[in-house]
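Peer 1: The structure under discussion is supplied below as structure tokens; questions concerning it will follow.
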């Protein structure tokens, strides 16, 4: 019998970007419509998903600078960068499903477990991210480009792998730091596209922003669930995990209304603003 973990691995082990997105949507429907009933478990979880030969992955410090805003080249570079983030996000959603499947009610013996709603949420995220990627690929095609035409960096996946063995840290860093950052920067991109008269791209970015709120909310909801079970203060534990695992900075300005809608409280993240967590030691 097919399990949720088996279809999650099917997405993760697919190397073609468009096929990966289509598999994500198809497999999400199987689970959400009740055609798959068992979560299953993975005994040999891959550390990295399969990826296409292109784009070339290079250091973030070597990424080419964007062309002048408004140019065709600049728009392609922006769309390509976001498409790369969305492809990573597909894998991240299915990775959390499979990597931490041992926390399901079906697999739990004694101790902590996550209800089916946790897995529902991340399958929905995987479905959303697939739709976002395909939408961006279609827009790239409008400009005579395709995903893989430009180099990209691997920072998002590298950051996620630092939390591969720490379930609450994965929630704290990926949705509650990295995806929350998307809520901060996307409104600027929407305004910029509208100034350029590109309503089609602006509308795409608005869809992505609005749906990303629910993704950050999923991270926040289940992080709180973990903390409540373990009698941990949500604010203190989240800040501790950010200081421990995050390699970068929480940069204002913050999109407080969207973050609040996603369940994030200013008191959690504002005290950490502008601290460089790539310098470890005193922040531990």
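Quick note: the coordinates plus some simple rules give every number you see, no bench work behind them. In this text, all values refer to a predicted model and were calculated from it rather than measured experimentally. Glycine also receives a Cβ, built like all others from the backbone with ideal geometry; neighbour counts cover every protein chain displayed.
Peer 1: Anyone know which of 87, 178, 232 comes out most mobile in the 10 Å Cα GNM of the chain?
Peer 2: Of 87, 178, 232, the most mobile in the Gaussian network model is 232.
Peer 1: Hey, fewest Cβ within 10 Å first, where do 6, 212 land in order?
Peer 2: 6, 212
Peer 1: Mean separation of Cα pairs under 8 Å and 6+ residues apart, divided by the residue count of segment 154-284: what relative contact order is that in percent?
Peer 2: 28
Peer 1: Have a look at 128, 184, 233 and tell me which one the Gaussian network model of the chain (Cα, springs below 10 Å) gives the largest fluctuation.
Peer 2: 233
Peer 1: Considering the values [x] 18.6, 58; [y] 22.1, 74; [z] 19.6, 57, which represents Rg and Dmax of the Cα atoms in Å as calculated for the structure under consideration?
Peer 2: Given [x] 18.6, 58; [y] 22.1, 74; [z] 19.6, 57, the structure-derived one carries the label [x].
Peer 1: Gap in Å between the Cα centre of segment 16-32 and the Cα centre of segment 168-212?
Peer 2: Value for the Cα centre distance between the two parts: 22 Å.
Peer 1: How do 47, 264, 193, 161 line up, fewest other C-beta atoms within 10 Å first?
Peer 2: Fewest to most other Cβ atoms nearby, the residues stand as 47, 161, 193, 264.
Peer 1: Counting other beta carbons within 10 Å of each residue's own, what order do 33, 236 fall into, fewest first?
Peer 2: Least crowded to most crowded, the residues run 33, 236.
Peer 1: Determine the calculated [θ] at 222 nm for the chain from helices alone, applying -39500 (n - 2.57) to every DSSP H run no shorter than 4 residues and normalising by the residue count; nearest 500 deg cm²/dmol.
Peer 2: After summing the helix terms and dividing by residue count, I get -18500 deg cm²/dmol.
Peer 1: Moving on. Quick check: from the Cα gyration tensor, does segment 154-284 come out rounded (a/c under 1.5), prolate or oblate?
Peer 2: prolate
Peer 1: Given contacts defined as C-alpha pairs under 8 Å and at least six residues apart, what's the relative contact order of the chain, whole-number percent?
Peer 2: 18
Peer 1: What relative contact order, as a whole-number percentage, does segment 88-206 give when Cα pairs under 8 Å and 6 or more residues apart are counted?
Peer 2: 21
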